[in-house]
Structures are given as structure tokens and as C-alpha cells.
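The values are calculated or read from the model by the stated rules, or taken from the named source; none is laboratory data. Worth saying up front: this structure is predicted, and the values here are computed from it rather than measured. Neighbour counts run over all protein chains shown; Cβ positions are idealised from the backbone, glycine included. These accessible areas exclude ligands, DNA and RNA; they are computed on the full protein's heavy atoms, side chains included. Shrake-Rupley method; radii C 1.70, N 1.55, O 1.52, S 1.80 Å.
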Amino acid sequence: MSLYDKIKYAESLFRSRKFKKKIVIIESDDWGSERIPNLSVRKILEEKGIDVGTNPHSKYDTLERLEDLELLHNQLENFEKQFGKKVKITANFILGNPDFEKIKQHNYQQYFFEEFTKTYERRDGHTLVWSKIQELIRNGYFVPQFHGREHINFCFWLKELREGNKFFSDAFELGCYGIDIPRAGLHRKNLMAAFEYSDIYQKKIIEESISEGLEIFENNFKRKSETVVAPRHVWDSDLEYLMRNKGVTAIQTTMFQLSPGIDRYQRTFRYTGMLNPKTGMRYLVRNAFFEPSYSEKFDWINQTLRKVQIAFLFNIPAIIGMHRINFVGGLIPSVRDQNLEKFNKLLQKIVESYPDVEFLSSDELSKMIN
Ligand SMILES: [Zn+2]
């Protein structure tokens, strides 16, 4: 953290909305989105010269499988029996994955997608993953919220494919889009930042994607999404205004909103409960991170606990970011198992340190603030 960021972190502790209750929110992004489908695809990507060893999302991240959800469900159930606390995970969903065949048929001119439930079914030949997700929601362990219709910025991606970018074309043939490619130049457009645009035409396409995504969310989950987390935390106030009009009351974010600038992202400071008077939107800001998949050496349990302790010292909610990557073992099951154990330890330490702690979801927090 730079000195400036440290000052802003202190400012966020003072200015964030205070509560008498000790509240923990767990926000988990990327559910529903495919990353690396399986190990053999990862091996071929590597042979084609694509870096799959540096970014943990290329090493471990893959669409959730039934076994992942069963293990998580059992663990949360056992935890509830043992400690009398229901742990809620705000699961932020991507509602669709690219329809590779159709995109190719249309010569990469147009984007097509399949809904996430179809991706599970196409892979598994059954619908048990979707049933399990609905069960987790019914039992109150999962609270779904909106992360995007797709994670890929398809305007940028299709352009790369049309121009014949070898890495993206090779990955495309394997049913992959979220890859890291070697590239020269300072400003690299982030292809995972789905809400980024560079002209009015792209802006319209992204507005349509957000509107349609929110509808698909409602059709599948039988509820509106009250909060949104923008892919890679990149969005601007025009899109925020649109989301507010669609019933979204708060944006989940990190301490800095990123908006596209001329040659780099502009950062705008946010704190929990802050209102944007122009759009009517509020912000819920993550102030702790538990991402054991990102590094095995880091002491995630105690470092995350420390951030929770600091939040509670200032009477503000502890909002812990925790991506889906930590809960999936489709590529390397042992890493998922270690992560689950660490997660359980963290929860145990929180509950033992604060017996009156309450686990809430992001939309519940937004309601309390509004
Ligand atoms: Zn994401």
C-alpha cells in the first residue's frame, strides 16, 4: 500500500457507516463464469505459449462443479451446528459464457452467449449444479447478486479475434477467453473489464448487456439484484445511473472505483455508505481480503482477521472479498481443500473473538444503510 492509499484507508475507517452490531459480509465474485475448463485445456494453452503459471486464475480457476458446492455446503452446515452461526456468502454471478460456435459462425462480428445454467448442463450432462446452487440459496448460505452478463469485454475481444491475434484465437478454439497474453505497450486494455467502453457505440452495447443481464438474473433467481459488482471494478457514472434506474441500490467495490481515462484508469475514493448524489447510488467497500489461492505463503487467516478487528474497532462492517477461485477444485482439488480448511479456521476465529457477530449479505447491508 502506498502512503496515499494508507491515508485513504484510515479515512474510510472514519467515514464508513457505523453500526452497533458487528457485521461480517463475505463477497465472492465470478460464480457462473468459466475460466479454464479443465486440465487438458490448460496443458494445450501452455504448449501454445500462453502463460498459465503466473496468474492464479489460470492455475486454479474453473467453473464450479457439484463436488465443490457439496463440500462448501457441508462445511457451512457443520459450522452452523457447531457455532450456531449461519455464514452467508454473497455470491456474485456472471449470467452467461460465450457461445463459441455461434460467434465463429458469424465470423467474430457479433457476440453470442449461453446462460450459465446451460454451461453447467453442457459440461455435466445434468442440472445438479444448478439445483445445488438453488438449495444453497434456499438454506440461506448463498445470496446471489449481479456481477455481469459476461465477464469478457467482448467488444475488445472480438476485435482481437477478427484481427487474428494468435493467442486469443488459439484459446478461442479451446473454449477459453480469460487468458494472459504477452504484449508490448503501456496501455493494455483489460479484457476482463466488461463494463469498459471507448466510444458511444460500445457504450450502448454495454448498457444493453447490463440491462439484459439484470433481467436474466431476475428470471433465474426470482429476485432483483439490489447490488452489483463491476468486473475488475471498472465502471463510470453513466452506467451507474442506468443500474440505479433498474433498481440497484449499491455498488460493491474496493476502496477505489476505476474509470477509463486517456492512458490509464482514474481512481475515485469510495467508503461504505457513501452516496453519489448524481446517481443516487451508494457504495459498499471491501476492507478485508481472503484469497488463499493468490498465495500459499501469505498468512491469510490472521491477516484477514486483523482487518476484521480493525473494522470492528471503528464500528464499521467488515466486508471480506473472497473470489470463487478459492472454492473450486476442478483443476487442483488439493488447493480447494486447503482453502476450505483455512476458511473454516478464519470463521472460527471471528466467531470466537466476537460471539455476537452477524453474517449478513450485501443487499441486506444496503437496505440497512438506505
Ligand atoms: Zn470478477
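Report the calculated FRET efficiency for Arg306 and Glu173 (r = Cβ-Cβ distance, R0 = 51 Å), to the nearest 0.05.
0.65
Let me see the P(r) profile for segment 60-134: every Cα-Cα distance counted, bins of 5 Å, each bin given as a percent of all pairs.
Here the calculated profile for segment 60-134 is 3, 13, 18, 19, 15, 12, 8, 5, 3, 2, 1, 0.
For the chain, what % of the accessible area comes from carbon and sulfur atoms, probe 1.4 Å?
50
How much length would be gained if the chain were fully extended between Ile200 and Asn107, taking 0.36 nm per residue of separation minus their Cα-Cα distance, in nm to one decimal?
31.2 nm
Given points 7 Å out from each Cα along the Cα-Cβ axis, report the Tyr354 to Glu114 separation in nanometres with one decimal.
4.2
Only bridges with both residues in the chain count here: give the DSSP antiparallel percent, nearest 5.
Beta bridges within the chain, antiparallel portion: roughly 30 percent.
Using the Karplus equation 6.51 cos²θ - 1.76 cosθ + 1.60 (θ = phi - 60°), what ³J(HN,Hα) coupling, rounded to whole Hz, does each residue of segment 33-39 give in order, writing x for Gly and Pro?
9, 7, 10, 9, x, 6, 5
If I model a spin label as a point 7 Å beyond the Cα along the Cα-Cβ vector, how far apart are those points for Glu47 and Asp124 in nm?
Here the answer is 3.0 nm between the modelled labels.
Return the FRET efficiency for the residue pair Asn245, Leu66: r is the Cβ-Cβ distance, R0 is 45 Å, and the value is rounded to the nearest 0.05.
Efficiency for this residue pair is about 0.75.
Tell me, what are the semi-axes, in whole angstrom and largest first, of the equivalent ellipsoid of segment 216-318 as set by the roots of 5 times the Cα gyration tensor eigenvalues?
Each semi-axis is the square root of five times an eigenvalue, giving 26, 18, 16 Å.
In a Gaussian network model over the chain where Cα atoms closer than 10 Å are linked, find which of Lys59, Lys88, Lys20 has the largest mean-square fluctuation.
Comparing Lys59, Lys88, Lys20 in the GNM, the peak value goes to Lys20.
Which length gain, in nm to one decimal place, applies between Ile137 and Tyr4 when the Cα-Cα distance is subtracted from 0.36 nm times their residue separation?
Between Ile137 and Tyr4, full extension yields an extra 43.9 nm.
Report, to the nearest 10°, how far helix 333-353 tilts away from the longest principal axis of the Cα atoms in the chain, using its own Cα long axis and a range of 0 to 90°.
Around 20 degrees separate the two axes.
Taking a 1.4 Å probe, which of Ser334, Ser295, Ser12 shows the most accessible area, and what order do the others take after it?
From most accessible down to least: Ser334, Ser295, Ser12.
Where does segment 159-240 land on Rg/Rh, using Cα atoms and the Kirkwood Rh?
1.02
Which angle from 0 to 90°, rounded to the nearest 10, does the C-alpha axis of helix 3-15 make with the longest principal axis of the chain?
Its long axis makes an angle of about 50 degrees.
Put a dot 7 Å past each Cα toward the Cβ at Glu80 and Asp238; how far apart are the dots in nm?
Between Asp238 and Glu80, the label points sit 4.4 nm apart.
How much accessible area per residue does the chain have, in Å², with a 1.4 Å probe?
Computed with neighbouring chains in place, this is 44 Å² per residue.
Would you tell me the accessible area of Lys6, worked out with a 1.4 angstrom probe on the heavy atoms of the protein chains, in Å² to the nearest 10?
110
I need the shape label for segment 92-211. Rule: rounded when a/c is under 1.5, else prolate if a/b > b/c, else oblate, with a, b, c from the alpha carbon gyration tensor.
prolate
Would you mind computing the Rg to Rh ratio of segment 3-369 from its alpha-carbon coordinates, Kirkwood style for Rh?
0.94
Taking the alpha-carbon distance from Lys349 and a cut-off under 18 Å, which lysines remain once sequence neighbours fewer than 8 residues away in the same chain are dropped?
Lys21, Lys22, Lys81, Lys85, Lys86, Lys88, Lys307
How large is the helix-only mean residue ellipticity at 222 nm for the chain, computed as the sum of -39500 (n - 2.57) over DSSP H runs with n ≥ 4, divided by its residue count, in deg cm²/dmol to the nearest 500?
Mean residue ellipticity, 222 nm, calculated: -13500 deg cm²/dmol.
May I have the pair-distance distribution P(r) for segment 9-50, computed from all Cα-Cα distances with 10 Å bins from 0 and rounded to whole percent?
Percent of pairs per bin, in order: 19, 24, 17, 16, 21, 3.
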